[in-house]
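*Asks:* After the structure tokens below, expect a handful of questions from me.
Computed from the coordinates by the stated procedures, all read-outs in this text should not be read as laboratory data. On a predicted model such as this, the values are computed, not experimentally measured, just so you know. Note: ideal-geometry Cβ built from the backbone for every residue, glycine included; neighbour counts use all protein chains shown.
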Amino acid sequence: MPMRSHRSYATQLYQRKPSMFIERRFQIRYTLAMILVTFIGIAAALIPTMYLVQQNFDLFTELAYQNNPGLIDSIQRERLATYYIVGSVSVSVMVFVIILAFRLTSSIVGPLKVLRNHLRRLCRGHWHQGPLTVRSKDEFQDVLETYNYFFSQYKRHMQSEFDLIRRLEPEDKKSGLYREWLNYMTDRREQLGYLEPPAEMKATSTSSTDEPSPSSHRAS
């Protein structure tokens, strides 16, 4: 019996999505936290260091005024170069932390979001979904493999149950039991993604359309 064969829509969107923003609120919140921690660390290291450097340059400048005024320009250039290097390194560290934070949060929250969307569709009865697939660099690979194994085993169990109950078709086509059986088969067929209904259900639907309804008897 033919079945739908496709990956989860959310998985496809996630795999081809170029943006680093997968869950914007989560990523921005934890990126800002990492920036704050990095800024505090840089400030704690730079403030005393720059204070001592400034004192040393002031001392060298005073000595140059007293002994060799020609060195003052060189000392000022070294002072500016030191400030430039320290500022460039600090900005580079902050940019690196921002990029790293977005990539780390993306590799963490991406698989969780795909898993959440997959479970939501399962709760709505869409068992015709394919297994989850994420990028190779993402986290929680073992968790997703375990989930995919559970999903495939349970889906196989549902298919076996469907085939078994399909063979237990009630003989009385007009009984309530048969209607319950037919409704169950229709719902389960849609959940599993079967493209064509079973032959018994086709025959039943054809015979039910050919059979005149009680209202038509009364009208005649």
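*Asks:* Provide I28, I42 in ascending order of the number of other Cβ atoms located within 10 Å of each residue's Cβ, fewest first.
*Replies:* I28, I42
*Asks:* Hey, another quick one. For the range 9-134, just run the numbers: alpha carbon Rg, then divide by 2.2 N^0.38 Å, N being how many residues it has.
*Replies:* 1.86
*Asks:* Take the Cβ-Cβ distance between L52 and F26 as r, set R0 to 41 Å, and report the resulting FRET efficiency rounded to the nearest 0.05.
*Replies:* 0.50
*Asks:* Another question, then. In terms of modelled amide H atoms, which long-range or inter-chain residues lie less than 5 Å from the amide H of E23?
*Replies:* HN-HN under 5 Å from E23: empty list.
*Asks:* Next question, about the same structure. Evaluate the distance, in nm, between pseudo-label points positioned 7 Å from the Cα of K174 and of F60 along their respective Cα→Cβ axes.
*Replies:* With each label placed 7 Å out from Cα toward Cβ, I get 10.7 nm.
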